[in-house]
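To start, the structure itself, in structure tokens.
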Amino acid sequence: MIMRSRLASFVFMAFALLTTTTMVGCKDEDGNKKSVNLFTLEDDKAFGAQVAAEIEADDQTYPILDSASYPDAYAHLHRITNTILGGGKVQHKDDFVWQLRIIHDDSVLNAFCTPGGYIYVYTGLIKFLESEDQLAGVMGHEIAHADERHSTEALTKQYGTEVLFAILFGNDQGTLAQIAKGMIGLKYSRTNESEADMRSVDYLYPTEYDARGAARFFEKIIAAGGGGGPEFLSTHPNPDNRVEAIFSHWEDLGGKVGETFETRYDDFKKSLP
């Protein structure tokens, strides 16, 4: 847990209140008040660790696959994640934990990443996709939310600064459970979603993957009728515009065609229960 002196905590909270007050009247493109992230990297890590502990303790909501029982599946997921982190574009690569967990629920097409880099991927998403670059694209998007620290921004909007600091100081554990359950459907702004899409392309472009993986995933969801997809597809901007934006950004970077790795992705899916 983060330890601050009483005086430092008071000054920090006073600054938070002042900053929030001065932001009144400033709007983002969604019509919401603009905000600054009042949390430090250490706050992100501490808060993410608490959320991760709450998730680990709730095996009914989050039936996590044991890595010792499914070493091949985790090896595949670690390879994908390490390739993304090794591309040199994740700014907090060495600051966050980037811990991986596979959630055994074939009915959920989703993945999410808490503050501080705790990554969760559902078996439903893995089995739905057809190639490794598609999953890498989705993971790049989720990693970007943590790397750009969108998560603590979004949580601040949803719960308020006072609530999140109370959790960090260990005074509101009941809300922590609520936040853990809400991570899968955490609402990000249009700007945050667009930025995560672009960062996914940036992360994958220097690697062996085709950097358009997230767009290929969106195309697959669109072809399936758009239903049952992750929460970030039901929010703005719509998937069609996101595909176009991803392809445009990929072309701006040079349009390098990477690998999709369909065969070894089939091996990944076969390693799951």
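List, in order, the whole-Hz ³J(HN,Hα) value for each residue of region 105-111 obtained from phi through the Karplus relation with A = 6.51, B = -1.76, C = 1.60 and θ = phi - 60°; use x for Gly and Pro.
Once rounded to whole Hz, the list reads 8, 6, 8, 10, 9, 7, 8.
Can you pull the percent of Cα pairs in region 90-157 with separation above 17 Å?
43
Ratio of Rg to Rh for region 108-219, alpha carbon only, Kirkwood?
A ratio of 1.02.
In nm, to one decimal, how far is the modelled label at ALA57 from the one at GLU262, with both set 7 Å along Cα→Cβ?
In this crude label model, ALA57 to GLU262 measures out at 4.6 nm.
Residues in region 102-126 near a label at LEU272, defined as backbone nitrogen under 20 Å from the 7 Å Cα→Cβ point?
Counting only backbone N, you get 102-114, 118-126.
Once the principal axes of the Cα atoms of region 40-270 are found, what is the range along each, listed largest first in whole angstroms?
Principal-axis extents of the Cα atoms in region 40-270, largest first: 50, 39, 36 Å.
Which whole number in µm²/s is D for region 51-169 by Stokes-Einstein, with the Kirkwood Rh taken over Cα pairs at 10 °C and 1.306 mPa s?
Stokes-Einstein gives a translational diffusion coefficient of 105 µm²/s.
Laboratory data are not the source of any read-out in this text; all were calculated from the coordinates shown. Computed from a predicted structure; not experimentally measured. Every residue, glycine among them, receives a Cβ derived from its backbone with ideal geometry; neighbour counts consider all protein chains shown.
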